[in-house]
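Notes for the one structure printed next.
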Amino acid sequence: MLSGLEVLQWLIGACGALLVAGAAYWKQSLSFSGMVAAVVMGTIYFGAGNLFWFGILLVFFISSTLLSKLHHENKAELEATYDKTGRRDAGQVFANGGLGMLAVLLNAIYPLELWSFLFIGVMATVTSDTWATEIGTLARKPPRSVLTGKVLQAGTSGGVSLPGTLAAAAGGALIGAASWVLRAASGMTPHAFWLLVLAGLLGGLAGAFADSVLGATVQRMNRCTVCGREVEASKHCGKPTVYARGWRWMDNDTLNAVSSIIGGAVALLVSYISYIG
């Protein structure tokens, strides 16, 4: 049976999530299914967690949404090659925040400090990956293959660039810095600022580069029957695409989830090395 304060916490979480998700839906950053998923997720983040968990989710969502609007007119052609566009649906919402939500629930059931570091790494990964994509697609120089260094067409899976890499580092470090502030605001056990920033920075970079490597090797890619370009999307140039390479089940959402696990593991490793050191 929930106490009055616990019920109030869940209600505050629901209202806050509805406010943010509703505004994102109004701004067309979320589809209707994405809005519903975001409300459910945000409610759990605050109700089962506290300001630390919910606040980091907001840092990721707000910063990524703002970046997606940056020079948006220049990204229209590239978005046509992606499996999902900038308007996130429920699948994208859960792919980006579902593992974080699992960490919140695990911490509520069996509180351990490791869940918070795992969470930092997961959220740093999705932030780093999103920042790298949004900034990298605006780079003047074309990306290069993360595996071979070969110059690639902008928007190609597995491509990396210096601006994108710097953006990934900044996004991960921001999650780490925000976690230090939000832990203090939530009355949680304090950790050194540098440790949390390092966990976010390395976890985010590891997850973002894992995303690029998996994108270059095993992500499902399709081929446009009109222009011949290799794309993620199921349609291109107004026609259905055909399977080209990769594991058929490894779509972009699955790829994000796998990369997030890797980023979370690296952040957890950072905390462990610091502990034994």
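The values are calculated or read from the model by the stated rules, or taken from the named source; none is laboratory data. This structure is a prediction, so every number in the text was calculated from the model and none was measured. Ideal geometry is used to build each Cβ from the backbone, glycine not excepted, and the neighbour counts take in all protein chains shown. Only protein heavy atoms, including side chains, enter the accessible area calculation; ligands, DNA and RNA are left aside. Shrake-Rupley method; radii C 1.70, N 1.55, O 1.52, S 1.80 Å.
What angle do you read, to the nearest 10 degrees and between 0 and 90, between the alpha-carbon axis of helix 90-109 and the longest principal axis of the chain?
30
What part of the accessible area of the chain, given as a whole %, is carbon or sulfur when the probe is 1.4 angstrom?
Of the solvent-accessible surface of the chain, carbon and sulfur hold 69 percent.
Please work out the Kirkwood hydrodynamic radius for the stretch 124-251, using every pair of different C-alpha atoms, and report it in angstroms with one decimal place.
15.9
Note the angle between two axes, namely the Cα long axis of helix 193-217 and the longest principal axis of the Cα atoms of the chain, as a number of degrees from 0 to 90, rounded to the nearest 10.
In the chain, helix 193-217 runs at an angle near 30 degrees to the longest axis.
Per residue, how many Å² of accessible area does the stretch 25-72 show with a 1.4 Å probe?
Each residue of the stretch 25-72 exposes 43 Å² on average to a 1.4 Å probe.
Using amide H atoms built 1.01 Å from N in the peptide plane, name the residues 5+ places from residue 87, or on other chains, whose amide H lies under 5 Å from its own.
Here nothing satisfies the definition.
Where does the charge balance sit around residue 104 when Lys and Arg score +1, Asp and Glu -1, over other residues with C-beta under 15 Å from its C-beta?
-1
Using a Gaussian network model on the chain with a 10 Å cutoff between Cα atoms, which of 98, 203, 149 fluctuates the most?
Per the Cα network of the chain with a 10 Å cutoff, 149 tops the list.
When the chain is treated as a GNM, springs tying every alpha-carbon pair under 10 Å, which of 193, 117, 94 comes out with the largest mean-square fluctuation?
193
Compute the signed sum of charges (Lys and Arg +1, Asp and Glu -1) over the other residues within less than 13 Å, Cβ to Cβ, of residue 203.
-2
Provide the net charge surrounding residue 230, with neighbours chosen by a C-beta distance below 12 Å and charges set as Lys +1, Arg +1, Asp -1, Glu -1.
The answer is +3.
Would you list 110, 25 from the most to the least accessible area, probe 1.4 Å?
Sorted descending by solvent-accessible area, the residues read 110, 25.
Tell me, what ³J(HN,Hα) does each residue in the stretch 47-60 have, in order and in whole Hz, if you take phi through Karplus 6.51 cos²θ - 1.76 cosθ + 1.60 with θ = phi - 60° and put x for Gly and Pro?
x, 8, x, 6, 4, 4, 5, 5, x, 5, 4, 5, 4, 4
If I take the Cα coordinates of the chain and project them onto the principal axes, what are the three extents in Å, biggest first?
61, 45, 32
How large is the accessible surface per residue of the stretch 146-229, computed with a 1.4 Å probe and reported in Å² as a whole number?
I get 43 Å² per residue for the stretch 146-229.
How large is the helix-only mean residue ellipticity at 222 nm for the chain, computed as the sum of -39500 (n - 2.57) over DSSP H runs with n ≥ 4, divided by its residue count, in deg cm²/dmol to the nearest 500?
Dividing the helical sum by the residues of the chain leaves -22000 deg cm²/dmol.
For residue 236, which sequence-distant residues (separation of 5 or more, or a different chain) have an amide H within less than 5 Å of its own amide H, given hydrogens modelled in the peptide plane?
Correct list: 241.
Just how many pairs of Lys in the chain have C-alpha atoms closer than 22 Å, counting pairs that are eight or more places apart or on different chains?
12
Amide H neighbours of residue 231 under 5 Å, counting only residues 5+ apart in sequence or on other chains, H built in-plane at 1.01 Å?
Under 5 Å from the amide H of residue 231: 222, 223, 224.
Considering the zone a paramagnetic label at residue 194 would reach in this model (a point 7 Å from Cα along the Cα-to-Cβ line), which residues of the stretch 154-177 have amide N under 18 Å from it?
Only 173-174, 176-177 pass the distance filter.
In degrees from 0 to 90, rounded to the nearest 10, what is the angle of the helix 252-276 Cα long axis to the longest principal axis of the chain?
The angle comes out near 50 degrees.
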